[in-house]
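Report on the following structure.
The values are calculated or read from the model by the stated rules, or taken from the named source; none is laboratory data. These numbers come from a predicted model, not from an experiment. Virtual Cβ from ideal backbone geometry, glycine too; neighbours counted across all protein chains shown. For accessibility, only protein heavy atoms count, side chains too; no ligands or nucleic acids. Shrake-Rupley method; radii C 1.70, N 1.55, O 1.52, S 1.80 Å.
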Amino acid sequence: MKKQFNRMRQLANQTVGRAEKTEVLSDDLLQVEKRLELVKQVSHSTHKKLTACLQGQQGVDVERKSVRSPSVRSNSTLQNTLTLLKLLMCAVEIPNIQKQRKHLAKLVLDMDSARTRYYQSTKSSGLSSNLQSTGAKVDHVREEMEEAANRMEICRDQLSADMYSFVAKEIDYASYFQTLIEAQAEYHRKSLELLQSVLPQIKAHQETWVEKPCYGKPLEEHLALSGRDIAFPIEACVTMLLECGMQEEGLFRIAPSASKLKKLKASLDCGVLDVQEYSADPHAIAGALKSYLRELPEPLMTFKLYNDWIQASNIQDQDKRLQSLLNACEKLPPANNNNFKYLIKFLSKLTEYQDVNKMTPGNIAIVLGPNLLWTHNEGNITEMMTTVSLQIVGIIEPIIQHADWFFPGEIEFNLTGNYGSPVHTNHNANYSSMPSPDMDQIDRKQNDQSRRPLSVATDNMMLEFYKKDGYDSHTVCLPLYIYNNVWPKCGAVVQMKEDNSCYHGF
Amino acid sequence: MPEQSNDYRVVVFGAGGVGKSSLVLRFVKGTFRDTYIPTVEDTYRQVISCDKSVCTLQITDTTGSHQFPAMQRLSISKGHAFILVYSITSRQSLEELKPIYQQVLAIKGSTESIPIMLVGNKSDEMAQREVETKEGEAQATAWKCAFMETSAKTNSNVKELFQELLALEKKRDMSLSIDGKRSGKQKRADKLKGKCSVM
């Protein structure tokens, strides 16, 4: 009991005051010890990070699997693991040294206490008369002291040896870190390479992405991005309306349900189309088409030609007015001209049903005109919206009335098939499940996909030809003949007309 | 030209094809045309009695086929009274009025002192009815406005509609008749001139 208490007191003294502690290690070794502490901290934190990194990768891998190629990933992981193992070795050595250091401290303590006791006993032996018993006790204590000193020395030597060897090996440890950093550098380099190689792929993928928003985007941009001639919403809406909306009273006049319209616009924006859902709601389709035209950054009939159109509409003489309108029409950029033609051709077809749908050219012009042409100076709103609206009616109405004179020749509305939607197999299902009066026609059209682009091309070329020849009815037959000779495949034009005829059927 | 303060401006709103123009034409001209022509915007004028004097009732027939928010805001801010027309044969047309009412509320701040009539037109087409009278009444109650079902075709409730609308105006004392008989001076303004006139 007393011994233990003494020990405690000694320990307290030593730790608090460090008074009696005997320094058994040389200065060098003390410095080594400090350094050891530093190395320990560094390697410990690195170890922690690496472990976290390795563990983390397991989780992240799943997400990144698609992007990162497996070989590179495992490679860098392997390197990391290797370094980690080395570091672990290093980390194992350090605790060993530390354990010994602790052991040494304990031994030093033992030795010190033994020494103290020895001094005490020698002192007391000097005072005491009973020499023999005290002598034996002193001897015993001295032996104890010597033993402790011995043990301490062995341990100190061991520790010193370990520490020296650690110092010697420190360069190796440093090299482990170097390896680690190299591995990390390599890893990051490879990651960078990988990311850089993946980036163009993703970009390319995005460029070929079919679901691109089209509302509110410039016409040219949309056409270029999607590789179309006719804007997707225009073609989709027109083909759908041809199926189900031609006899709807007040088409384009009667407003659709706002929520339905919003949904349809959003679905057109991502290129998905549930034809079946909207076949019962032609007003939503017409509304979506109107919205698309209205939301174009520039009207389909362009800002630049605004004055041309207005001036043309102010001409009193009808023939001159028509000619003037035609001139403006020809000034339209090709993309706008194509889409405008497509739309006018459709609207002209719509007026064929005016007995049922009540949409005369004039009516269509009133409700659609302001979506086709507007001016960018917001000046007098009242004037702009009313006077100009009426002028626009005066522009659109004759163009719809004389659609075949403005844009001679038949036109294929279903250019890309599938309601103009991009290739989505599920849409085929929708398409064929649609109850349709001219099923055979549709089936045939789907099989004809390969031929369609050609028919469009020739159609456009013929148009160019007509333009050069000034729309004379005699020359209209001629180019067709010539083209048929020069380019035998032009039979597609005839095919195209047959395709079109199906729309008259209902 | 009547003086600015003498004008009493009524604006007719509603979805496309509900019969705004038909109502206005029936009231102004007493005729019904069975044609189908969308309106860009027309303004009609009629002399009525107001505060023991005469003033011009100016009726603006708006378009229902394409909404230009700027245009709508302008009409609302200039209008003294509003007729919101839907067709009893189309629930959708009643839905269309909701944003318009909200816009009136937003621009006028409060609809308390503003005469507003909710009108269910085409009451003759009972067979195609989609919106029950009760529903129209409920909507009118919610909007704290008056309600009426009309038929421009059969001339049912058309005159009453305008009479009641004018009666709702508490700031002025107005009635359709001048010296006991309806004015024959009603005229349809020239379309283009109508647009440019000082309102």
What is the sum of charges, Lys and Arg at +1 and Asp and Glu at -1, for the other residues whose Cβ falls under 12 Å from the Cβ of A:CYS244?
-4
Per residue of B:33-40, other chain Cβ atoms within 10 Å number on average 6
For an R0 of 41 angstrom, estimate the FRET efficiency from the Cβ-Cβ distance between B:ASN6 and A:CYS270 and round to the nearest 0.05.
0.15
Estimated inter-spin distance, A:HIS103 and A:HIS44, nm [label 7 Å along Cα→Cβ]:
2.1
Need the full-extension length gain, A:GLN120 to A:ASN314, defined as separation in residues times 0.36 nm minus the C-alpha distance. One decimal, nm.
57.0 nm
Please report, as a whole percent, how much of the solvent-accessible surface of the stretch A:219-406 comes from carbon and sulfur atoms (probe radius 1.4 Å).
48
Peptide A:246-255, shielding by other chains (average Cβ, 10 Å cutoff):
5
Please give the solvent-accessible surface of A:PHE177 in Å², to the nearest 10, using a probe radius of 1.4 Å with every protein chain present.
40
For A:ASP27 paired with A:LYS263, estimate the spin-label separation in nm (one decimal), with each label point 7 Å from Cα along the Cα-to-Cβ line.
8.7
Under the rule rounded for a/c under 1.5, else prolate if a/b exceeds b/c, else oblate, using alpha carbon gyration tensor axes a ≥ b ≥ c, the stretch B:84-169 is classed as oblate
For labels at A:ASP157 and B:ALA138 in the simple 7 Å Cα→Cβ model, what's the distance in nm?
10.3
Greater than 27 Å separation of Cα atoms is the criterion. Which listed pairs, A:LYS217/A:LYS358; A:LYS263/B:LYS122; B:LYS108/B:LYS170, meet it?
A:LYS217/A:LYS358; A:LYS263/B:LYS122
To the nearest 100 Å², how much accessible surface do chains A and B cover up together, summed over both, with a 1.4 Å probe?
2200
For A:GLU153, what charge total do you get from the other residues with a beta carbon under 13 Å from its beta carbon, if Lys and Arg give +1 and Asp and Glu give -1?
-2
Karplus couplings for the stretch A:215-230 from phi (6.51 cos²θ - 1.76 cosθ + 1.60, θ = phi - 60°), rounded to Hz, Gly and Pro as x?
5, x, 9, x, 4, 4, 4, 4, 5, 5, 5, 9, x, 10, 9, 10
How high is the FRET efficiency between A:HIS205 and A:ILE181 when r is their beta carbon distance and R₀ equals 35 Å, given to the nearest 0.05?
0.50
Considering only DSSP beta bridges with both partners in the stretch B:8-175, what is the antiparallel share in %, to the nearest 5?
40
If contacts are Cα pairs under 8 angstrom and at least 6 residues apart, what is the relative contact order of the stretch A:219-406 in percent?
28
Here are some pairs, B:LYS20/B:LYS144; A:LYS290/A:LYS345; B:LYS52/B:LYS171; B:LYS78/B:LYS153; which of them have Cα atoms lying more than 19 Å apart in this structure?
B:LYS20/B:LYS144; B:LYS78/B:LYS153
Assuming a ≥ b ≥ c are the square roots of the Cα gyration tensor eigenvalues, decide whether the stretch A:219-406 counts as rounded (a/c under 1.5), prolate (otherwise, with a/b larger than b/c) or oblate.
prolate
